[in-house]
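> Take this structure, written in structure tokens, and hold onto it; I'll ask about it next.
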Amino acid sequence: MNQHSKPDPTIVASQITPRDVFEQRRTLIRAAAAGAFGATLAPFFARSALAQTTPAGSGTKLAATRNAQYALMEAQSRYKDVTSYNNFYEFGTDKADPAKYAKSLITRPWTLAVEGLVKKPKVYDIDELLKLAPLEERIYRLRCVEGWSMVIPWIGFSLAELIRRVEPTGSAKYVEFVSLADKKQMPGLAVPVLDWPYVEGLRLDEAMHPLTLLTFGLYGEVLPKQNGAPVRITVPWKYGFKSAKSIVRIRFTETEPKTSWHVSAPTEYGFYSNVNPGVDHPRWSQFSEHRIGEGASLFTPTRKTLMFNGYGEQVASLYAGMDLKKFF
Ligand SMILES: Nc1nc2c(c(=O)[nH]1)N[C@H]1C(S)=C(S)[C@@H](COP(=O)(O)O)O[C@H]1N2
Ligand SMILES: [Mo]
């Protein structure tokens with residue numbers, strides 16, 4: 001039984017998958033069938049396909065106090081959707097792949113190196129990092145650049161808590177986030193969809209904004225692996241791809257980080273990537289979105305995408321005077 005190509009009836013394929021990736025995937029699937037990947041990818045996928053396909057959470061509770069200031073009053077997406085409809089290309093490009101294959105991710109021991117232009121660089125052990133500040137529950141909207149969205153109760157604390165402790169120097173202007181890239185644990189790395197490791201970045205003031213969440217959990221438990229365990233970033237006013245999963249390094253720089261999606265297609269994915277219904281992706285509109293879990297037909301009305309994903313009141317001032325069509 002091959003579930004890879006099972007289509008999601010609620011979404012048009014061209015809407016959810018950037019065409020280049022889609023085409024590339026088809027080519028690779030053909031190549032795999034022809035034996036080109038016989039020695040690497042195919043056996044892994046064949047083995048893992050036998051594993052259960054029900055989305056597995058982490059099963060480990062994580063206590064947090066809800067922060068009412070950041071608790072969006074909107075229906076939360078179903079746990080099942082949040083943990084089985086994922087983008088985490090290190091485990092494959094199909095939405096169902098991460099839930100199936102991320103089981104091989106080893107989340108302990110885990111360290112996060114915080115380095116670059118800071119006075120107090122430090123390699124944090126994940127369990128020490130977890131205790132750095134009180135854990136909060138925050139309910140955020142997540143809007144994927146592909147045109148779908150979810151509402152997720154995350155657990156973490158403001159990234160600013162960590163940044164203050166390492167004391168960025170006066171020349172630090174940007175923050176780079178680097179995800180783990182280990183072929184032994186991540187079968188998707190065998191596919192050159194992106195230049196691995198996955199790299200994302202923010203301007204320092206964006207990273208310091210209280211909304212930017214250093215994230216350790218969701219739905220009252222430790223992050224499931226497919227959602228970026230054991231630690232990820234969540235930046236709710238930007239397209240989902242800015243929120244790097246399973247990070248191992250945070251580096252402070254003077255120049256704009258070379259972020260993976262921007263490097264792969266600079267005309268399609270800008271460094272800023274603020275959610276903006278007024279700036280379309282060159283190959284599709286960003287005017288509206290499909291909330292995952294709402295309706296089961298193509299005719300379900302879509303929601304209007306909100307400027308800055310609805311967080312304009314909090315973040316618009318970060319971009320005062322900037323032409324957001326140019327700095328998309
Ligand atoms: N390392 C890494 N981080 C990543 C991705 C990825 O492929 N690799 N995908 C991004 C995209 S496109 C989205 S929409 C969100 C999805 O997060 P979720 O699966 O927890 O909803 O993760 C982002 N972080
Ligand atoms: Mo995304």
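Every read-out reported here was derived from the displayed coordinates using simple, explicitly stated rules and does not represent laboratory data. The structure presented is a predicted model; accordingly, all values stated were derived computationally and were not measured. Using ideal geometry, Cβ is built from the backbone for each residue, glycine included, and neighbour counts are taken over all protein chains shown.
> Between residue 268 and residue 307, what length comes free when the chain is fully extended (0.36 nm per residue of separation minus the Cα-Cα distance, one decimal in nm)?
Numbers: separation 39, 0.36 × 39 = 14.04 nm, distance 1.83 nm.
Taking 0.36 nm per residue and subtracting the Cα distance, the gain is 12.2 nm.
> At a threshold of 8 angstrom on Cα-Cα distance, excluding pairs fewer than six apart, so keeping six or more, what relative contact order does region 201-279 reach in percent?
Numbers: 83 pairs, mean separation 21.3, N = 79.
Dividing the mean separation by the residue count of region 201-279 yields 27 percent.
> Round to the nearest 0.05 the FRET efficiency obtained for residue 297 and residue 80 when R0 = 25 Å and r is the Cβ-Cβ distance.
0.85
> Please report the relative contact order for region 124-167, taking Cα pairs under 8 Å with a sequence separation of at least 6, and give it as a percent rounded to a whole number. Numbers along the way, then the final one.
On the way: 37 pairs, mean separation 15.7, N = 44.
Relative CO of region 124-167 lands at 36 percent.
> Checking the a/c ratio against 1.5 first, then a/b against b/c, what shape does the Cα gyration tensor give for region 85-184?
On the way: a/c = 1.79, a/b = 1.50, b/c = 1.19.
Verdict is prolate for region 85-184.
> What is the Cα radius of gyration of region 180-285 over 2.2 N^0.38 Å, N being its residue count?
On the way: Rg = 14.5 Å, N = 106, 2.2 N^0.38 = 12.9 Å.
This ratio for region 180-285 stands at 1.12.
> Scan around residue 218 for amide H atoms under 5 Å from its own, H built in the peptide plane at 1.01 Å from N, and keep only partners 5 or more places away or cross-chain.
So residue 218 has HN proximity to 155, 223.
> Follow-up. Rounded, prolate or oblate: which fits region 108-244, taking a ≥ b ≥ c as square roots of the Cα gyration tensor eigenvalues, rounded meaning a/c under 1.5, else prolate when a/b beats b/c? Don't skip to the end; give the middle numbers.
Working: a/c = 1.30, a/b = 1.15, b/c = 1.13.
Cα axes put region 108-244 in the rounded bin.
> Further question: May I ask for the distance between the Cα centers of region 184-246 and region 90-104, given as a whole number of Å?
Between the Cα centres of region 184-246 and region 90-104 lies a distance of 15 Å.
> If you don't mind, another one. Decide, for region 13-319, between rounded, prolate and oblate: order the square roots of the alpha carbon gyration tensor eigenvalues as a ≥ b ≥ c, take rounded if a/c falls under 1.5, and otherwise choose prolate if a/b is larger than b/c, else oblate.
Details: a/c = 1.34, a/b = 1.18, b/c = 1.13.
It comes out rounded by the Cα gyration axes.
> At a Cα cut-off below 15 Å, give the aspartates and glutamates reachable from residue 80, other chains included and same-chain residues fewer than 8 away excluded.
Correct list for residue 80: 8, 97, 221, 294.
> Going 7 Å from the Cα of residue 69 toward and past its Cβ, which residues in region 129-169 have a backbone nitrogen under 12 Å from where you end up?
158
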